[in-house]
1. How many residues does segment 68-106 contain that are under 30 Å from Val55 (Cα atoms) and among the hydrophobic types (A, V, I, L, M, F, W, C)?
2. Here are some residues: Ser174, Ser123, Ser144. Which one is more than 18 Å from Glu89 (Cβ to Cβ), in the same structural domain as Glu89 (by TED's automatic domain parsing) and under 15 Å from the mean Cα position of the chain (by Cα)?
3. Cβ-Cβ below 8 Å, separation at least six or inter-chain, first residue in segment 173-184 and within 17 Å of Glu21 (Cβ to Cβ), second part of a loop (DSSP other than H, G, I, E, B) and aliphatic (A, V, I, L, M): which pairs?
4. Could you tell me which residue of segment 226-241 is nearest to Gly187 (Cα to Cα), considering only residues that are surrounded by fewer than 20 Cβ atoms within 10 Å (Cβ to Cβ) and out of contact with any Asp or Glu (no Cβ under 9 Å at 6 or more places or on another chain)?
5. Scan segment 92-112 for residues that are in a loop (DSSP other than H, G, I, E, B) and either touching a strand residue (DSSP E or B) at 6+ places or on another chain (Cβ under 6 Å) or among the basic types (Lys, Arg) (or both) and report the count.
6. Select from segment 61-75 the residues that are surrounded by fewer than 18 Cβ atoms within 10 Å (Cβ to Cβ) and under 23 Å from the mean Cα position of the chain (by Cα) and list them in ascending order.
7. Can you give me the number of residues within segment 190-203 that are without any contact (Cβ under 8 Å) to a residue 40 or more places away in the chain and surrounded by 14 or more Cβ atoms within 10 Å (Cβ to Cβ)?
Amino acid sequence: MSDIDHVAVLGLGPVGVEFVEAATRAGRTVTVVETDGEQLRRGLEALADSMAAAVSAGALTEQARSEALDRVVSSTEPSELGKATLVLEAVAAGGDAKRAALREAAAVVGADVAIITVTSGQSVTELAAAVPDPARVVGLHVPSTGSSSRIVEVVRGLASGDAVVGAAADFVGSVEREPVVVDDRPGFLVDSMLLPYLNDVVQAYDDELASAEDIDVAIRLGLGHPVGPLEMLDRIGLDTHRDTTALVHEATGDARFAPPPLVNRMVAAGRLGDKNGRGFRSTEETA
């Protein structure tokens, strides 16, 4: 693999913005390619706002913010990916769009350039099959825990080569995240353990075993967790949890991942958690 000094990010949704900021703050030149001009504008605006917030919080100096933004080059043309020594595909749309983006990247970058696909749950093995040499493709998955986390899962597809897995892990480490290498299986590592746990908690609440507040207190103080599970679900978003656990349930057939009936009812009623102020905690407060 080439030395990673020039990163290209394809797709500038929220995840793309996060990695662009992390890479530029780590001193790398980043070429951003977003074929939708309006999304490119919104993404660059979100990037500038995020860095401004970091300055206000004292996490970044004004000079560092200015220098980081100066390292960003933006384009709507996929051909601009060709300058990169590592490509990170962060297209927010579904599998077909991601496969098309991976094909575009593979067609213009050097043969020794690692291609990373950021997946919310899609199989890295299936996505990598879209390119002529799937050995150069590896996945990244940022677990959705409802709070800031330094963990990033480096997902090894069935064909992913050792060099590309190592390059992805090195990149994650260089942007001050903690890489965890996992196999490409439904739910990967964190979600495969977290989702059944959250589903069990929801069922306990639905069975009136305890109030939402008492469940969260018991888990925080009894098990030493930094946040209670129902508060975590409110932060994640009930619709996000439903969609994520349903995807793993569909792939595995494992009943532990089936979305709890209460979650389905709450989403249908528009109770999505913190994103609209109506979730498990507000349900009890307004009952």
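The values are calculated or read from the model by the stated rules, or taken from the named source; none is laboratory data. Treat the numbers as computed from the prediction; the structure is a model and nothing was measured. We place every Cβ from the backbone using ideal geometry, glycine too, and count neighbours over all the protein chains shown.
1. Looking only at that region, the number is 12.
2. Details: Ser174 fails: under 15 Å from the mean Cα position of the chain (by Cα); Ser123 fails: more than 18 Å from Glu89 (Cβ to Cβ).
Result of the check over Ser174, Ser123, Ser144: Ser144.
3. The qualifying pairs are Ser174/Ile4; Ser174/Ala26; Val175/Ala26; Glu176/Ala26.
4. Only one residue tops the list, namely Thr240.
5. The initial filter retains those residues of segment 92-112 that are in a loop (DSSP other than H, G, I, E, B), namely 92-94, 109-112.
If we keep only those that are either touching a strand residue (DSSP E or B) at 6+ places or on another chain (Cβ under 6 Å) or among the basic types (Lys, Arg) (or both) as well, we get 109.
Adding up the residues that qualify gives 1.
6. Across segment 61-75, the qualifying residues are Leu69, Val73, Ser75.
7. Matching residues across segment 190-203 total 1.
This table checks each residue for (1) modelled with pLDDT of 95 or more; (2) more than 22 Å from Thr31 (Cα to Cα).
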| site | (1), (2) |
| --- | --- |
| Val91 | no, no |
| Gly110 | no, no |
| Arg136 | yes, no |
| Thr145 | no, yes |
| Ile151 | no, yes |
| Ala159 | yes, yes |
| Asp162 | yes, yes |
